[in-house]
Amino acid sequence: MTDRIPLAIPNIGQGEAKNLQRCVKTNFVSSVGEFVNQLEDRIATLSGTGEGVAMGAGTLALHMALHSYGIGKGDLVILPSFTFIASANAVMHSGARPWLFDVTEESWTIDPAQVRHELKKNTFRENGVLKYNKTGERVAAIMPVYTLGTPAYMNALNSIARDYGIPIIADAAAAIGVTYKNQAIGQAADLTCYSFNGNKTITCGGGGMVVGKEKSRLERIKHISTTARISKDYDHDEVGYNYRMTNLQAAVGCAQLDRLNNFLHIKTKIRKAYDAAFQDIQGISKFPYPDDRTSTCWFSGIVVDKTHPTPSEICERLNDYNIEARVFWKPVHLQKPYSKAPVADQSYTENIYKRIVTLPCSTSLVKPDLTRVITAVREILGAT
Ligand SMILES: *Cc1c(COP(=O)(O)O)cnc(C)c1O
């Protein structure tokens with residue numbers, strides 16, 4: 001039997017081991033340490049922003065970003081339904097609720113035209129506060145998701161955000177290192193949140209970060225995510241959180257960051273290889289890649305139409321070849337905890353989410369294995 005080809009696994013090497021050993025040797029294993037500072041500085045710079053605050057997870061980064069704007073009970077946050085459930089969970093953790101939107105075919109990111117239309121049709125102003133017609137909840141922020149590591153339509157979204165006076169908090173979970181219209185993505189939103197979970201573009205084992213332009217806001221995020229302490233003598237000025245990243249996690253992250261360009265190169269190559277390998281097959285299309293922005297190509301794969309076996313069937317058949325493949329995100333509005341969330345028309349989301357197959361795309365994927373995946377998929381699709 002051939003070895004199993006996993007979908008997406010971390011790529012950990014000597015650099016990560018060396019940094020971890022340094023943590024052990026210096027005894028800096030907790031939430032203070034040189035690697036945490038280094039990771040914050042480097043990722044803030046890479047994002048085109050001044051400041052970064054490292055967290056224990058991407059979900060926590062989103063929660064703290066929302067909290068820093070005073071978003072909580074009685075508020076709605078605009079986000080796409082086609083996302084990993086953690087985006088919506090972070091909104092709920094803050095006390096607010098999501099208002100769910102559709103995505104476009106060209107990018108699989110939130111449809112700005114729909115957002116503008118719905119805001120015009122379904123909101124009103126009361127004492128200067130933007131409110132949702134049906135419930136009177138405040139519409140407090142827009143949270144675009146950079147699906148597959150591809151930025152959303154940030155020019156259009158910023159124009160909406162300006163017109164309505166609400167901030168943009170970007171869920172850039174897997175989008176580290178990309179650009180939007182030739183600019184690092186940290187400039188495209190008020191706050192940008194990354195995840196460094198095991199399957200993301202780079203990993204800390206687990207982890208996350210908020211970056212942004214506004215120094216005072218990032219200082220506030222650091223304050224509330226570290227128990228809101230104001231002195232060494234156990235003085236705290238509000239209910240804080242213990243959400244900080246540890247030096248052990250950051251040690252892995254710094255070594256991963258050294259390899260980011262290489263990882264992005266490999267991820268892009270895998271995307272191109274799949275795009276080329278299946279382009280002759282009727283009823284198979286590519287993952288979107290708009291040409292005014294770059295993408296980490298976090299996941300790659302195929303979109304299959306109804307003439308082919310379903311994505312679940314394809315994944316099952318690939319399993320017989322000892323290849324791991326998976327369907328992609330089930331939209332938030334179809335998830336049990338969100339069945340009552342306000343939701344705009346989901347025509348494209350409901351159409352696309354059932355047609356995606358994600359294929360092996362680890363940065364450690366070797367050429368013969370890539371060929372094995374391509375051959376297997378072609379066989380399953382009857383295109384030998
Ligand atoms: C992974 C992910 C998150 C959550 O990040 P964690 O670090 O796992 O908490 C949020 N949003 C999106 C789009 C993700 O892919």
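Values in this text are rule-based calculations from the coordinates and carry no lab data. Everything numeric here is computed off the predicted structure, so don't read it as measured data. For neighbour counting, all protein chains shown are included, and Cβ atoms are generated from backbone atoms with ideal geometry for every residue, glycine included.
A few notes on this one:
- Rough spin-label spacing in nm, given labels placed 7 Å along Cα→Cβ, for LYS336 and GLN14: 4.9
- Residue with peak Gaussian network fluctuation, the chain [Cα springs, cutoff 10 Å], from ASP102, ASP235, ASP275: ASP235
- Distance between the pseudo-spin-label points of SER285 and THR2 (7 Å out from Cα toward the beta carbon): 2.9 nm.
- Count of lysine pairs in segment 233-345 with Cα separation under 23 Å (8 or more residues apart, or interchain): 7
- Within a Gaussian network of the chain (alpha carbon springs, distance under 10 Å), most fluctuating of GLY186, GLY52, GLY205: GLY205
- Residues TRP99, TRP329, arranged from fewest to most other Cβ atoms within 10 angstrom of their Cβ, appear as TRP329, TRP99.
- Two-site FRET efficiency, GLU313 against ASN155, from Cβ-Cβ distance with R₀ of 30 Å, rounded to 0.05: 0.15
- Here r is the Cβ-Cβ distance between GLN21 and VAL366 and R0 is 22 Å; the resulting FRET efficiency, rounded to 0.05, is 0.20.
- Each Lys and Arg Cβ is given +1 and each Asp and Glu Cβ -1; about its Cα centre, the chain then shows a dipole of about 160 debye.
- Largest GNM mean-square fluctuation among LEU148, LEU191, LEU119, using the chain with Cα springs under 10 Å: LEU119.
- For segment 14-258: lysine pairs under 20 Å (alpha-carbon distance), excluding those fewer than 8 apart on one chain: 9
- Taking the centroid of alpha carbons for each part, segment 318-363 and segment 15-47 are 35 Å apart.
- Helical mean residue ellipticity (222 nm; -39500 (n - 2.57) per DSSP H run of 4+; nearest 500) of the chain: -11000 deg cm²/dmol
- Ascending count of other beta-carbon atoms within 10 Å, so fewest first, for GLU106, GLU324, GLU214: GLU106, GLU214, GLU324
- Residue order for ASP305, ASP75, fewest other beta carbons within 10 angstrom first, comes to ASP305, ASP75.
- Expressed as a fraction of 2.2 N^0.38 Å, the C-alpha radius of gyration for the chain is 1.00.
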